[in-house]
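Below is one structure, written out as structure tokens; comments come after it.
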Amino acid sequence: MAKRDSKSLVEGPFRIRTLMFIAAVGFGILVVRLFALQVVQHEQYAQFARDNQLQRERLPGPRGFMRDRTGRIVVDNALHLEVVMQWRTRADAERAVRALAAYIPVDSVMAMARFDAWQKRYGRMAFPVFPDADKFVISFVRENWMQFPSLRVESRLRRRYPDASVAAHVLGYVGEVTNEEIAGAAQDVYVAGDFLGKAGLERQYEDELRGTPGQRAIEMTASGTALGEIPELSTAPTPGRDVMMALDYDMQEYLDSLLAARPNPAAAVVLDVETGGIIAAASRPAYDPNAFAMGLSASLVGDLLKDPSKPMFNRISQARYAPASTFKIIVAYAILTNQLIDPGRVLVYCDGTHRFGNRVFKCWKEEGHGGMNLMSAVVNSCDVYFYRIGEMTDVDVLAAAATAFGFDGKTGIDLPIEVSGNVPTRRYYDKRLGKGRWTQGLMLNNSIGQGEYLATVLHVARMTAAVANGGWLVRPHFVLPPEGSVPPERVRIPGLEGSTLAFLQRAMLNVVERSDGTAHWTRIPGLEVAGKTGTAQNPHGDHHSWYTAYAPAGKPEIALAILVENAGHGGDVSAPIARAFMAEYFRAGRRLEGPPSNPETSQAAPSLTPSTGGTP
Amino acid sequence: MRLGRDFDWVIVLCSGFLSMIGLAVVYSVSQSVGEVSVVAMHGTHFTRQLVWLGFGLLTMLVAFAIPFRMFESLAFASYVACLVMLVVVLMLPARGETQRWFIVGPLAIQPSEFTKVAVILVWARVLSTHRADPNRVRTLIPVFMLFIVPFALVLRQPDLGTAMVFAGILLPVLFWRGFRGLHILFLMSPLVSSVLIIYGENVTHNPWPFGIFIVAILVVAYLRRAYLVESVSLVVANVGIGLFLPALWNHLKPYQQRRVTNFLDPDSDKLGAGWQVIQSKIAIGSGGFDGKGYLEGTQKALEYLPAKHTDFIFSVLGEELGFVGAIGLLVLFAILISRALLIAQKTKSEFASTLCVGIAAYFAFQVFVNIGMTAGIAPVAGIPLPFVSYGGSSMLVSCFLVGVLLNCAVRWSEY
């Protein structure tokens, strides 16, 4: 036991003062720091504290509806409930999920895997524990909020599309916004988790359909318990605008069912001949857009993309086919407007073949058509006649005619993706094959719509509409322009008037009405239909079946074009589809003036199997 | 010993006020949303803290009643007992990421808290003998050994904060025993260098603080008239660390590096440790000059404050009682610490004197690091605020040490 020595006692006061000084410096630092925080920077931290308590929640604006021409809702939003969890750390979330598992059958491992994916994508956003909550889960969460304060029931709107994939490619679908889309849009338009139009009209009219989000300010605890809403800081969301389509939904459904009755990929479009408004348009096979609205799993998307029949592919505006014999209308137009030959003159005697140099071109009818003038050649779709025309027609003359019908470009349809048609010109061949390295022989195939000419069903339907409406090239469109705004422009096709127009109209009417017409077998009693069949030769398989028509012939209302892939010759398959559609369309005085035809007969008339002896 | 005259009422009043403030704040914390679910278990933190305070008073009485010479003879025994506890707690299965507690029924005992008392006792014992000259290596080696063993064990838990408390106690004690200031610099400088280097390389990406520090060492050594050998070895040691530490650092696994950088720079991890500090600063800052009012703290009530009844309790105090309340608390601690130092000066026993300096250092260091941490100027370390933070071990230790102070005060003339 040591007594303090003299040295320690002498030095003591100095050392104690030093220690006290050091302690005083330390405490002084604390005082200065606290002064800085609590007095100098008080306002700033007070604001942080207020912000802390506030959670600003974004309320997505409901998307506008899509309606058909009668105002009927085709696409709307269905309410569905989900249970979300506010969380701060992964451990919090895991604890809550495990605690929940004691009451509700939930696979906590799966849920946490979903959580990890969620966190990666959305950061700190509330995690949907039960994205599709049933009544039991909802009532459990509502009753046990004390025990699970971080859980919250949220209602969400989910896009709802028609069943059976009706008009799937036209309507498109919505999907979650990607990071690129967020970055590409103006600021604050989208946040992660928003849905936006990804395809079809949903995408084309995104700006109209998209709602304006509101906000809900809630007082929150750090663990995510909501204490109440602060109305002064909250705003209601505004729904997006509805879009009104030219579509007649009943007819759309019917057209889809007609195409879906066969496994063959097919596309069809029906136009209002005067305005270009699309009454029905279908592409098959199709997908279910509802699956996208729910948030498709990656594997399902992969399956859809890998499917060889390409259900995601919009054959209405993206599939180009050789227009085949439907193109003979344009060739006839070229002949008439350029006065290449006298249309009444019997130009050829068709024996089923045509010689050009040392090559033999065949007519579709092996035994031949006999003597053919322009009218009978169109009505019988005689290839030999048109080979002869091809021999004597300049590339650019035909190209100009096709260009007049808009085959060289896009139709301007209001869909996000549309492909152009193709019109081969002299320049085109020079560029592709080299100057002087191609011959007139190419024109033989071109003149029967089989060479380098390519078109979508939209191009062909529009061509038919132009013949029907007296020479106007309309712009096909799904969505009606808002009332009071200018209707889509129409372009006058030069020379498609007077005798030329009358000749083409008569020719197309004869295709159906004259007994030797290739679509005579599909005529509808009581309704005059003008049409043209076609067979697109397909190097990869069976021929594609074309048919285009308008009706009623006397006072045209609708024009249509139908293509069924790999369906064999001419109008065998597509013409009966058109017949069924038109019979339904004009049935019972829907559109047809005069007394209605017998509904029984009309109902029975649509037969999808070609009758025996049918001619293409 | 004359109880009437020499009993230090100021210390009793200070620690009494501090405990009352602590209880009041713990009560306030128990009024927040998240507390509801805890109640069912073992009562609120408030009632539990009340019980601990009762035990604390008992401990204080015992520490006061037993003559301090008994502590001198028990110093080594208590030190060894604490080391055993530290070893045992390391061998127990880990609770979460750390191994700091013994769980006995409803109690969680933290041996590292008691080790703080044990090291104060054992250093006082070793350094208070006549032959002990802290400027001699012969004395320093045992002192260093006594330091490094608990330091290493606590570091293993891992609890760098508590380990640093040992250093925070040892340096003032050595200084009090006549250790030369230059030697303290010598001891401290490699540590400071390592921190500066890691900080410079990983947080600020700025090597200059280290360079300035080396120059500062040389200037101090020159002013203090250090021997050439001393100056050279100082620079060699620090530059050596500067050269080898980066290589050593790269040997660490990423999570180990992260642990160190988080310690040095909490803002780098805004959702983890950084989140605590940010929220704590918001609480204190939003309290303003006179606070939001007792029980009115929003940061507290809405659960934004982590560990708000233990390590971060000062944030709640700062939020509800404001700058005024915080200064009041600091004044109470300042009085307590200066009383301890005055007793150290007055007492005739070498042991008791050293003991009192150790106790003053304990309070000063804990208060500085704890409040500094909540105010964002000290790293986040699991160091409680004496008397105020909820927790049995800390309360018992604080009460015991106050008892020892009173003990030394009344027996000032004994040796």
Net charge over other residues, Cβ less than 12 angstrom from the Cβ of A:SER447 (K, R count +1; D, E count -1): -2
With at most 15 other Cβ atoms within 10 Å, longest stretch of chain B clear of loop GluC sites (Glu not before Pro) (DSSP): B:98-295
Fraction of accessible area attributable to carbon and sulfur, the stretch B:3-410 (%, probe 1.4 Å): 72 percent
Loop chymotrypsin sites (Phe, Trp or Tyr not before Pro), the stretch A:98-167, which have at most 16 other Cβ atoms in a 10 Å radius of their Cβ (DSSP): A:TYR103, A:TRP145
Tensor-based shape of the stretch A:240-319 (alpha-carbon gyration tensor, a/c under 1.5 rounded, otherwise prolate or oblate): oblate
With Cα atoms, 0 to 90° folded angle of helix A:90-101 axis to chain A main axis: 80 degrees
Kirkwood-Stokes translational diffusion coefficient of chain A, alpha-carbon pairs, 25 °C, 0.890 mPa s, µm²/s: 85 µm²/s
Among B:THR129, B:THR47, B:THR162: highest mean-square fluctuation, GNM of chain B, C-alpha pairs under 10 Å: B:THR129
Under the Karplus curve 6.51 cos²θ - 1.76 cosθ + 1.60, θ = phi - 60°, whole-Hz ³J(HN,Hα) for the stretch A:68-76, x wherever Gly or Pro sits: 8, 5, 8, x, 5, 6, 9, 10, 9
Charge tally in the Cβ shell below 14 Å around A:LEU433, where Lys, Arg are +1 and Asp, Glu are -1, A:LEU433 excluded: +4
Between the stretch A:22-90 and the stretch A:381-428, the alpha-carbon center distance in angstrom: 60 Å
Tensor-based shape of the stretch A:124-212 (alpha-carbon gyration tensor, a/c under 1.5 rounded, otherwise prolate or oblate): oblate
Given 10 as the ceiling on other Cβ atoms within 10 Å, longest exposed-site-free region of chain B for trypsin sites (Lys or Arg not before Pro) in DSSP loops: B:226-415
For the protein assembly as shown, accessible area per residue (1.4 Å probe, heavy atoms of protein chains only), Å²: 44 Å²
Loop-resident sites, the stretch A:407-471, for trypsin sites (Lys or Arg not before Pro), counting at most 12 other Cβ within 10 Å (DSSP): A:LYS435, A:ARG437
Reachable lysines from A:LYS362, criterion Cα separation under 21 angstrom, eight or more residues apart if same chain: A:LYS328, A:LYS532
Low-density loop positions, trypsin sites (Lys or Arg not before Pro), the stretch A:333-394 - DSSP coil, at most 10 other Cβ in 10 Å: A:ARG345
Rounded, prolate or oblate (a/c below 1.5 giving rounded, otherwise prolate when a/b exceeds b/c) for the stretch A:35-125 by Cα gyration tensor: oblate
Hydrodynamic radius by Kirkwood, which averages 1/r over all alpha carbon pairs of chain B, in angstrom: 22.6 Å
Kirkwood-based Rg to Rh ratio, the stretch A:56-244, C-alpha trace: 1.00
Ratio of Rg to Rh over the protein assembly as shown (Cα coordinates, Kirkwood Rh, two decimals): 1.25
Per-residue [θ]222 nm for chain A (sum of -39500 (n - 2.57) over DSSP H runs n ≥ 4, rounded to 500): -10500 deg cm²/dmol
Integer Hz, Karplus 6.51/-1.76/1.60 couplings in order for the stretch A:137-151, x for Gly and Pro: 4, 4, 5, 4, 5, 5, 7, 10, 4, 5, 7, 10, x, 7, 8
Between 0 and 90°, nearest 10: helix A:574-585 axis offset from chain A longest Cα axis: 80 degrees
Interface burial for B against A (accessible surface, 1.4 Å probe, total of both chains, Å², rounded to 100): 4400 Å²
Longest DSSP-loop-exposure-free segment, GluC sites (Glu not before Pro), chain A, at most 16 other Cβ within 10 Å: A:1-365
Per principal axis, descending, Cα span of the stretch A:319-604 in whole Å: 57, 45, 40
Angle between chain A longest axis and helix A:249-260 axis [Cα atoms, degrees, rounded to 10]: 70 degrees
Computed helical MRE - 222 nm, chain B, DSSP H runs ≥ 4 contributing -39500 (n - 2.57), nearest 500: -24500 deg cm²/dmol
As computed over the stretch A:391-524, the Cα convex hull volume per residue (Å³): 155 Å³
Residue of B:ALA334, B:ALA360, B:ALA124 that the Gaussian network model of chain B assigns the largest fluctuation, springs spanning Cα pairs under 10 Å: B:ALA334
Reachable lysines, given that their alpha-carbon falls under 25 Å from the alpha-carbon of A:LYS306 and they are not under 8 places away in the same chain: A:LYS198
The stretch A:229-332, relative contact order [Cα under 8 Å, separation at least 6], %: 21 percent
Mean separation of Cα contacts under 8 Å, 6 or more apart, over the residue count of the stretch A:426-561: relative contact order %: 19 percent
Of B:SER189, B:SER128, B:SER280, the one that fluctuates the most in a GNM where chain B has Cα springs shorter than 10 Å: B:SER189
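The values are calculated or read from the model by the stated rules, or taken from the named source; none is laboratory data. Treat the numbers as computed from the prediction; the structure is a model and nothing was measured. Using ideal geometry, Cβ is built from the backbone for each residue, glycine included, and neighbour counts are taken over all protein chains shown. Heads up: the accessible areas ignore ligands, DNA and RNA and are worked out on the full protein's heavy atoms, side chains in. Shrake-Rupley method; radii C 1.70, N 1.55, O 1.52, S 1.80 Å.
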